[in-house]
Structure formats: structure tokens, C-alpha cells
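Values in this text are rule-based calculations from the coordinates and carry no lab data. All figures in this text were calculated on a predicted structure; none of them were measured in a lab. In this analysis, Cβ positions are derived from the backbone assuming ideal geometry, glycine residues included, and neighbour counts consider all displayed protein chains.
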Amino acid sequence: MAQHLCHVKHCFTIPGKACVPTPDVDIGVVHFTPLKEPLIKLPFHLVEKVVRSVFHFRQKYCRKGVEILFPYPMMKELTNEMFESSGVDPTRIAPSLSMEEINGLCLAYSAICDRIPGLIDYNYR
């Protein structure tokens, strides 16, 4: 979400051993510069929903996260349609997706939501 709204620059890394007590991770310091226009020109709630769903299963194929955007009876069909229209490989994991690919997924989801009334309000939980 940060890359959608800001230019993100990694400044430096602080090793974990510099802290007390020592954490098991290093600390990254980043600088955020807000963009004048978001990279994905769709409503924030739609972009957030798609990104949250795709990253819900971080180490699984992104297909798994996209499936939870749709109710069960139409899940497979609409998931396939979303990947075909966006051109994204469904066997990629979420952290490896580029902003262009996430934009494609968001545009595909928006088109499906425009066609099926009430789908934008669907929550798998």
C-alpha cells in the first residue's frame, strides 16, 4: 500500500545487535515521499481490499488470496477471469508482484465488480 501512495526509499539498515535486548531481525529505515497522484487510479477501499486479500497468504500462490475476493459458487470462474484479464501469473507469490501487476489485478477486480452488483461488499469472513 505504501508504494501505491508514496515513493519509498530504503535509507539504511540497523543491525539487530545494536538494540538491547537483541531482536532476531534487523531494522530498516525508510523514507516516504507522498505522491501527488496514487499509482493505481481506483477508489482506495477497492485497492486496499485487493492488496489485503492477495497478501493474506504471503507465502502461497497469489491465486489463493484472489479467490477470497469472491463467493464460493463463482470463485473459480471469476478468479480465472481476473488472472486472464490482468495477465498476472497465478502461481506467483504476493511479495514478488510488481506495482503494474497489482494495478492489473485491481483493474480486473474493478471491472468484475462493475458487472456484478454487490460484489464489492462481499467479505469472505
If I ask for residues that are under 13 Å from TYR109 (Cα atoms) and either part of a loop (DSSP other than H, G, I, E, B) or in contact with a His (Cβ under 6 Å, 6 or more places away or on another chain) (or both), which ones from segment 78-93 would you list? GLY87, VAL88
For segment 16-61, how many residues meet the condition of being small (Gly, Ala, Ser) and either part of a loop (DSSP other than H, G, I, E, B) or exposed (fewer than 12 other Cβ atoms within 10 Å of the Cβ) (or both)? 2
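Taking segment 26-55, which residues are within 9 Å of the chain's Cα centre (by Cα) and of a type outside the set (A, V, I, L, M)?
GLU48, LYS49, ARG52, SER53, PHE55, listed by residue number.
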Look at PHE12 and say whether it is farther than 27 Å from VAL66 by Cα, in contact with a strand residue (DSSP E or B) (Cβ under 8 Å, 6 or more places away or on another chain), assigned to a strand (DSSP E or B) and in contact (Cβ under 8 Å) with a residue 24 or more places away in the chain. no
Filter segment 85-125 for residues that are of a type in the set (D, E, K, R) and surrounded by fewer than 14 Cβ atoms within 10 Å (Cβ to Cβ) and give the result. ASP89, GLU100, ASP114, ARG115, ASP121, ARG125
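Out of curiosity, is LYS64 under 14 Å from the mean Cα position of the chain (by Cα) and either assigned to a strand (DSSP E or B) or of a type in the set (D, E, K, R) (or both)?
On the way: under 14 Å from the mean Cα position of the chain (by Cα): yes; either assigned to a strand (DSSP E or B) or of a type in the set (D, E, K, R) (or both): yes.
Yes: the conditions hold for LYS64.
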When you check VAL29 against the structure, is it touching a Cys at 6+ places or on another chain (Cβ under 9 Å) and among the β-branched types (Val, Ile, Thr), yes or no? yes
